[in-house]
Each structure stands twice: as C-alpha cells, then as structure tokens.
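Below are the structure tokens for one structure; questions will follow.
The values are calculated or read from the model by the stated rules, or taken from the named source; none is laboratory data. A quick note: this is a predicted structure, and the numbers were derived from the prediction, not measured. Positions of Cβ are generated from backbone atoms using ideal geometry, with glycine treated the same way; all protein chains shown enter the neighbour counts.
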Amino acid sequence: MPATTRRAIRTLAVSASALAIVTAAPAMAQVEEIVVTAQKVEENVQDVPIAITAVTSERLEQAGVTSLENIGAVVPSVTFRKGTTSANSAIVMRGVGTITFSVAAEPSVSTVVDGIVLSRSGQAFMDLVDAERLEVLRGPQGTLFGKNASAGLVNIVSKGGTDELSGELRAEYFEGNEYRLRGSVAGPLGDGLSGRVTGFYGSYDGNITNINGGKNEDINGYERYGARGILDYRGDGAKIRLVADYFKANDDCCADVTGVSRGPALDAELNLPGGVALGEDQRFVNHNLVTETRDRQYSFTVSGDIDVSDSHTLSVVTGYRNWRNTEIREGDFLPRALVGTAQLHDEGLVTTGQLSFEARLASDQSKPFFYQVGAFLWHSDNKQVFTRRDITCASSSLPVVGTGTAARTPCNVTNTATTLFPTATSFSDVNSSNYAIFSQATYRFTDQLSLTGGLRYTWDDLSYTHTRAPGVNATNGVPTTGPGISGSPAGGPGNNTSRGSSTNGNLSGKAVLQFEPSDDVMLYGSYTRGYKGPAFNVFFNHTAPTNAIPIDEETSDAFEVGVKSQFWDRKVQLNLAGFMVEYDGFQANNFVLLNNAVVSNLTNAGTVKSQGFEADLIVAPTDGLTFRGSAAYADATVKRFNPNPQTNAPDARNGTQLPLAPKFVYTLGADYETDLGGFKVYLSSDYRHVSEQFSDLGEAGRIAPYGMWNASLGFSDADDNYRLTFHARNIMDDSYVLLNVSNGQRLQIPRDADRYFGVSLRARM
C-alpha cells in the first residue's frame, strides 16, 4: 500500500473517534431490542433474569470481532487464553476457567454452536463469519445448559435462510498483508423452504519476525478458509434447520518471544535485533522450528421445533462434530542445541469426534405456569498422539562460539557419540459420555412477580488408555532420557500402558425470583448450582499411579442479584448485576518441574471464589447516535489451595489472584450515523481498558494493564447497498501480552499489540 494511501486511511480512521460525539437533530430513537434463546425459548434479552450480553452480527463487525479470541472487545467479563495450539486455548469468565493440556479434561466455560455443546474450547475458535448473534451467559448455568457450564456459557446462533433472495460480499485489507474475503447467498428454495450458503477465506503474514538462518520470515499469522450451508423449513407448525460446515486453519500463530535476558550466552545465541531485553515491545525470535497450530473441522446439525399440541412444543437438536488439531511447538526457543542447553521440539495430533442429542418439551409461555422438561445424551472420543524430540550433549567437538560469559558450544549433531537424540511418543484414548434429564418451571404469582426453579441430574462416564514407552535415543534405540522425556513408562516400570475410569452423578439447578415493578424495569435474585464433570491428567509424561487418580468434579454455588431497566422513552438501557460464586474442587493447571522441564499438572486445586459486579449502559439520545459503556469488576482469588500432602503445610497461593483474571475491565464507545443527501456516513469508536492480571497460579507471570482504542469511518449509498469503511486499530499503539511465562522469557504477543490500519468493502444485493 503506498505511503500516501496509508496516511489517508490513518487520517480518516482517527477522525472517526473525534466525530463520534457529533449530535444530531432530535428524532425518535430507542435502544435496539434483541431476541435471545438463553433459556431455550425466544425472549427479549431484557426479560431474561440472567446476567447476559447479547451481541448482534452488526456489532461484531463494528468491533472487529472475527472469532472468540477477541470476544473481550464486546464482553468485559470474558478473557481469552491463547495457547500454543487451539487445543490448549480457553475462555475465562468472571476470572474462572479451565486451563489445561490434558485431553481428559473439559472447560468450565461451555461453548454452544446452534444448540450443540462443544467438547473442547478449541473447537469454537473458528471464524465467526455467519453468526447472527452471540449470547454470553455469565455465571453457572446449571439447568438448561448443564454440560461444562460451571463458570458460564457462550451461545453462538447462526444466520439462516431468507424469504427473499439476498447476497453479500465483504472484502477487507489491513496492514501486514492481512486479507479477509467472505461471500454469502440466501433466499427461498420452495414452499416454506429457504437456504443460506457462506464461504470465506483469510490470511495474515504475522507481526513477529523469525530471523533464523537469515530468512527474516514473518510469523504469528494465519491462513483460514471454510464454508457453511443452512436449510430452514417453516410450515405446518414446525421449524426445522439443517446445518453443515467445514473449517480449516493453518496458523503459525503462537510463537513465544524472549523479552528479558536469559544470560549472556543464550542472549548472544539468539542475536536478536535490538537485543532480547525489550519486554512486550519484542517482535523478533530466532527459532529453528516455527510453532504452528493446524485445525480441520466439520459438522452436521439437525434441529427442529414442532408444535405437538396447542400448548406444547417439542424441540430436538442432534449433531455430529469432528475436529482435528495438530500442534508443532518450538520448546527451547533457540536456533540450535548447545552444550548444557538442549533442543526440545514437540508435535501433537488431537482428534475428537462427538455425537449429541437433546429433546425438550416446552409448554405455552403465556400461561401463569409454564415449564420445560428434557433429556440430553452426549459422547466424545478424543485421541492424541504426541511426540517429543530432544537434542542434548554434555560435550562437543565443535569450536566454542563467542568469548567470556557469552561463550557457548553448539552440539555436533553429526557426532552421535557425544550427542544424544532422546525421543518418545505417547498414545492417548479418552472416552467421555454425559447423560442428563432436566426440567425448569416458572410460576407467575402476579403480572409483576414470578418464581423459577430448575433441576438437572447428570451422569458422567469417563475412561482413558495411555501408552508411552520409555524415552530412547533416536539414532540407536537405546533407552535415553532428556528434558521433558521421562525414563519411566506410562504404567510404571515394565508396563507401558496406564488405564483409568471414573463415573459421577450430580444434581444441579437454580432458583430465581423475578419482580417487574413496571414494563421497563425488572429485578431478580438467583441461586445457581453449577457442575463440571471429573477429569484425568492425561498428558505426554503421564505416569501411573499418580496421574491415574481421578480428578474429582468441579461444583459451583452462585448468588446473583440484578436489575434490567429502560427509561427516557427507552432511549436509555441500564443493566446491573452483582455476584458471588464459590468453586469447590476447582480444576486448575499447576505447573511443576518434571525431568528438567516445566510441565502442566492438572489438579483439584481446592476452593476458589469470584465476586464482583457488572454494568452495561446504552444511550440512544437521537436517531443515529448511540453511546455504550460497560464495566466488570471480579475479585477472583484462591480461597484455599489444597495443602501439600507430604507436609500438610498451607499453600502460599492462598488469597492470590486467579490466572487471567483482571480485577477491572471497562469499555466506552459511540456510534453515529447520518444521511448527507445521497450517501450516508458511519462513525464508530471504542476504548477498552484491562487492569493487571497474571498468567499462572500464585500471581506468576505478571501482565501489565493496557488500553485499546479502535475507530472506524464508513461511507455508503443511500440504501446502504455498498459501504466503504476505514479502520484504525490500537490507535495509541499500546503494546501488551496475552501470556507471560518464566518472568518474561516467554511472551505471547497478539496481533492487536501494534497500531495498524485497514479498509473494508461490503456489497449487498
């Protein structure tokens, strides 16, 4: 892009923020009403006695939210944990989430796509190219969404067919050679039948430069593409939907940079431009293996609502999802192995197949007493093949490089007498089944006062088989250990296979008292019991019997009060919620040193607590002008970490802040739209502030506070058939990190940590 064009884009984009406060002539304006299915029936979001944020597709595009990875831009209570692979990524809500590398553990924040509960958080990190809306339900959802919803739930609802033929094409370009293209066609196919087909492609070079071998290769980018098809039928008291989709991603997204000194010798070996001690401003690595995550996913879903009588509707949703994730990881973060410093490279393949079925009978909601009863069946099969390869040497025939404290000696990989090549492969097979029956009922005592109660009984059946032989030297097959490669097999000496199983039953539920003193004000108070099933710590270095002990279920007790209100002729919408949640048997990632390598150890950490408040404000004073503000405060801490079983001494992490749990997050924004006679102008600006947080338990890996200011300026024809929009991201160029491991030795830098500009074009028919 020419420099003059970049300057023009910057001028226009920055101007959007300043112009977003422009006033207009008084006109009729109201806050947009959003219909959600948070309680599995269609309701105005303001009538739902749950702390919920509903985000439309228009708002997602406006905020630049292309996947759940940047969902925090529109929901302050949510934090995203970016792992070295999609399989290790997670969503944290109100400071609570499951961060683990185990293939026998599931998330605390559930993700539902078109009625289907996903097995792993990583399955949800596909591009949100065809979402009608996101519904973010904060806090435990113990009745209607009982599967892995002990901390909250994200519900993704797709766009469907249309009664009239329509089409849309969207093309985007951002600095750094980032391109995104999306096209969709929707329309009628017959009597009561309509359809929608969407395809998309996106690519980005990356914001980190790998200098290895003088290549100066851009990494931390992506290439993603996919398609989705939907058939909708309406008629004869029935609504039926068929969904099929395919998604593929090849991302070199997750390279860890070195932001502090690792000692003179390793600093000299890295030889990074500007040195290593640049902190969160570091944008260079010297890796002889590029960290990658590759995803392939496809799914089929059938859902339907059938009126079985004048007063009851039967809803059914069933689906199959298949997910394949490949992780390629640079584990030593150096260009080669040195004497005393090994090379560590990993490759892992996870495949998941899941099948689910839910049937639900709902009565007429217009009656004073209405209810839902249902049954849920779910099964997943997770397999992992993981290989770790080391290069290590205690001496070398190669000459010393550098002098003094910067002197180091490379391992001679051609001399197998002095250089070892430890390697080992593990095979894991995890089967998980979940069965549940549930009911929820509401009784309206008066038009203003109602009581809701719900119960869900869940039965979990979890089993695993894990096989790994002792580490061997890849050159001759002789038993050899290395960093992160144990000499002990999975089941102990003389036994390569470990097995385990766990079953568990649980009763969860909720009680909600709802009071509506007027048509525009609703007050509620609730108690909810949440649940997440048992787990096992199944990972590469898993060894029995220690890791064959089941990790007990995680339960949560939540109390919440809130008010949802609209006033000033519905020009203002203000929602407030206060909460307190305590988690028993919290399943946490506890990093330990094993075989001279830091590894993840999933454990029942003990009891944690999250308490705080949330506020959401929307003001539409005049037609075309909207102000937004939201804030979330969550004090999420370890109440009591289980003591060391050998010493029974209190753990030092008691009272510390949970990982990826900023105490305070707020967003401020404004949108303005005006007609200038023949064309329209659209202005939007958003600012988000995130307070201090930590990467790991015990307040390790500090992540400094940061602020993100984005803006856009758009122009369209009078009918908004064609719209050109200029974008500015991170206007203040405030760098930040997603993860900080080993006190800055491993920093993960996101795309939005730098200021950049772009342009998009949307055409509709």
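For every residue, the table says whether it meets (1) closer than 30 Å to A469 by Cα; (2) of a type in the set (D, E, K, R); (3) without any contact (Cβ under 8 Å) to a residue 24 or more places away in the chain.
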site	(1), (2), (3)
V512	no, no, no
T543	yes, no, no
T546	yes, no, yes
P550	yes, no, no
W568	no, no, yes
A605	yes, no, no
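Tell me, please, whether a residue that is among the charged types (D, E, K, R), surrounded by 24 or more Cβ atoms within 10 Å (Cβ to Cβ) and at pLDDT below 85 can be found in the stretch 140-149.
Step one: of the stretch 140-149, the residues among the charged types (D, E, K, R) are 147.
Filter once more, keeping what is surrounded by 24 or more Cβ atoms within 10 Å (Cβ to Cβ): 147.
From the residues that got through so far, the ones that are at pLDDT below 85 too are 147.
Within the stretch 140-149 (the criterion being among the charged types (D, E, K, R), surrounded by 24 or more Cβ atoms within 10 Å (Cβ to Cβ) and at pLDDT below 85), the answer is yes, since at least one residue qualifies.
Looking at (1) touching a strand residue (DSSP E or B) at 6+ places or on another chain (Cβ under 6 Å); (2) in contact (Cβ under 8 Å) with a residue 60 or more places away in the chain, which is the one condition that is false for L289?
Tallying (1) touching a strand residue (DSSP E or B) at 6+ places or on another chain (Cβ under 6 Å); (2) in contact (Cβ under 8 Å) with a residue 60 or more places away in the chain, L289 fails exactly one: (2).
Within the set of pairs 6+ apart or on separate chains, which have a first residue in the stretch 572-584 that is closer than 29 Å to E33 by Cβ and in contact (Cβ under 8 Å) with a residue 24 or more places away in the chain, a second that is β-branched (V, I, T) and not in a strand (DSSP E or B), and C-beta atoms under 8 Å apart?
These pairs meet every condition: V572/V31; Q573/V31.
Shifting gears a bit: Looking at (1) closer than 30 Å to F333 by Cβ; (2) more than 34 Å from the chain's Cα centre (by Cα), which is the one condition that is false for F370?
(1)
Looking at the stretch 265-281 only, could you name the residues that are touching a strand residue (DSSP E or B) at 6+ places or on another chain (Cβ under 6 Å) and surrounded by fewer than 18 Cβ atoms within 10 Å (Cβ to Cβ)?
Across the stretch 265-281, the qualifying residue is only P273.
Still on this structure, please answer the following. What residue, among those in the stretch 417-434 that are within 25 Å of the chain's Cα centre (by Cα) and among the hydroxyl-bearing types (S, T, Y), is farthest from I391 (Cα to Cα)? Lay out the reasoning, then the answer.
The first filter runs over the stretch 417-434 and keeps only residues within 25 Å of the chain's Cα centre (by Cα), leaving 428-434.
With among the hydroxyl-bearing types (S, T, Y) added as a condition, the list becomes 428, 432-433.
On the way: S428: 25, S432: 37, S433: 40 Å.
So, considering only residues that are within 25 Å of the chain's Cα centre (by Cα) and among the hydroxyl-bearing types (S, T, Y), the one farthest from I391 (Cα to Cα) is S433.
Of everything in the stretch 547-587 that's touching a Gly at 6+ places or on another chain (Cβ under 9 Å), more than 19 Å from S502 (Cβ to Cβ) and of a type in the set (V, I, T), which residue is surrounded by the fewest Cβ atoms within 10 Å (Cβ to Cβ)?
V561
Related question: Can you name every residue in the stretch 716-732 that is of a type outside the set (F, W, Y), assigned to a strand (DSSP E or B) and surrounded by fewer than 20 Cβ atoms within 10 Å (Cβ to Cβ)? Steps first, answer last, please.
Here is the first cut: in the stretch 716-732, the residues of a type outside the set (F, W, Y) are 716-721, 723-725, 727-732.
Then keep just the ones that are assigned to a strand (DSSP E or B); that gives 716-717, 723-725, 727-729.
Across the stretch 716-732, the qualifying residues are S716, D717, R723, L724.
Among the residues of the stretch 293-328, how many are crowded, with 22+ Cβ neighbours inside 10 Å and under 30 Å from N415 (Cα atoms)?
1
Sticking with this one: Answer yes if at least one residue in the stretch 242-264 is surrounded by fewer than 18 Cβ atoms within 10 Å (Cβ to Cβ), in contact with a helix residue (DSSP H, G or I) (Cβ under 8 Å, 6 or more places away or on another chain) and not in a loop (DSSP other than H, G, I, E, B), and no otherwise.
For the stretch 242-264, residues surrounded by fewer than 18 Cβ atoms within 10 Å (Cβ to Cβ), in contact with a helix residue (DSSP H, G or I) (Cβ under 8 Å, 6 or more places away or on another chain) and not in a loop (DSSP other than H, G, I, E, B): present.
Please go through the stretch 466-487 and give me each residue that is crowded, with 17+ Cβ neighbours inside 10 Å and part of a strand (DSSP E or B), ordered by number.
Answer for the stretch 466-487, where residues must be crowded, with 17+ Cβ neighbours inside 10 Å and part of a strand (DSSP E or B): H466, T467, R468, V472, N473, G482, I485.
Here's something else I'd like to know. Within the stretch 402-416, can you find the residues that are surrounded by fewer than 18 Cβ atoms within 10 Å (Cβ to Cβ) and either in contact with a helix residue (DSSP H, G or I) (Cβ under 8 Å, 6 or more places away or on another chain) or among the acidic types (D, E) (or both)?
G402, G404, T405, A406, A407
Inside the stretch 498-515, can you point out the residues that are surrounded by fewer than 16 Cβ atoms within 10 Å (Cβ to Cβ) and charged (D, E, K, R)?
R499
Further question on the same structure: Would you be able to say whether some residue in the stretch 417-424 is without any contact (Cβ under 8 Å) to a residue 12 or more places away in the chain, surrounded by fewer than 17 Cβ atoms within 10 Å (Cβ to Cβ) and not in a strand (DSSP E or B)? Steps first, answer last, please.
First, the residues of the stretch 417-424 that are without any contact (Cβ under 8 Å) to a residue 12 or more places away in the chain: 417.
Pick out the ones that are also surrounded by fewer than 17 Cβ atoms within 10 Å (Cβ to Cβ) and you get 417.
Filter again for not in a strand (DSSP E or B), leaving 417.
Yes: the stretch 417-424 contains one or more residues that are without any contact (Cβ under 8 Å) to a residue 12 or more places away in the chain, surrounded by fewer than 17 Cβ atoms within 10 Å (Cβ to Cβ) and not in a strand (DSSP E or B).
A further question on this structure: Name the residues in the stretch 112-124 that are at negative phi and in contact with a Lys or Arg (Cβ under 9 Å, 6 or more places away or on another chain), would you? Don't jump to the end; show me each part of the working.
Residues of the stretch 112-124 at negative phi: 112-113, 116-124.
Once the filter is applied, which keeps residues that are at negative phi and in contact with a Lys or Arg (Cβ under 9 Å, 6 or more places away or on another chain), the stretch 112-124 yields V112, V113, I116, V117, L118, S119, S121, Q123.
Just one of G707, G678, G698, G744 is surrounded by fewer than 21 Cβ atoms within 10 Å (Cβ to Cβ) and either closer than 22 Å to T84 by Cβ or touching a residue at least 60 places away in the same chain (Cβ under 8 Å) (or both); which is it? Spell out the reasoning first.
Numbers: G707 fails: either closer than 22 Å to T84 by Cβ or touching a residue at least 60 places away in the same chain (Cβ under 8 Å) (or both); G678 fails: either closer than 22 Å to T84 by Cβ or touching a residue at least 60 places away in the same chain (Cβ under 8 Å) (or both); G744 fails: surrounded by fewer than 21 Cβ atoms within 10 Å (Cβ to Cβ).
Result: G698 is the single residue among G707, G678, G698, G744 that is surrounded by fewer than 21 Cβ atoms within 10 Å (Cβ to Cβ) and either closer than 22 Å to T84 by Cβ or touching a residue at least 60 places away in the same chain (Cβ under 8 Å) (or both).
Just name the residue that is farthest from T341 (Cα to Cα) out of those in the stretch 292-316 that are touching a strand residue (DSSP E or B) at 6+ places or on another chain (Cβ under 6 Å) and acidic (D, E).
Filtering the stretch 292-316 for residues that are touching a strand residue (DSSP E or B) at 6+ places or on another chain (Cβ under 6 Å) and acidic (D, E), the one farthest from T341 (Cα to Cα) comes out as D307.
So in the stretch 600-656, with the set limited to residues that are farther than 25 Å from E692 by Cα and among the aliphatic types (A, V, I, L, M), which one is modelled with the lowest pLDDT?
A649
If I ask for residues that are surrounded by fewer than 19 Cβ atoms within 10 Å (Cβ to Cβ) and more than 30 Å from D381 (Cβ to Cβ), which ones from the stretch 443-465 would you list? First the steps, then the outcome.
Taking the stretch 443-465 first, the residues surrounded by fewer than 19 Cβ atoms within 10 Å (Cβ to Cβ) are 443-449, 451, 453, 455, 457, 459, 461, 463, 465.
Of everything in the stretch 443-465, those that are surrounded by fewer than 19 Cβ atoms within 10 Å (Cβ to Cβ) and more than 30 Å from D381 (Cβ to Cβ) turn out to be Y443, R444, F445, T446, D447, Q448, L449, L451, G453.
Now for a different question. Residue by residue through the stretch 376-416, note down the ones that are more than 40 Å from the chain's Cα centre (by Cα) and small (G, A, S).
A394, S395, S396, S397, G402, G404, A406, A407
Can you tell me how many residues in the stretch 518-546 are surrounded by fewer than 23 Cβ atoms within 10 Å (Cβ to Cβ) and β-branched (V, I, T)?
3
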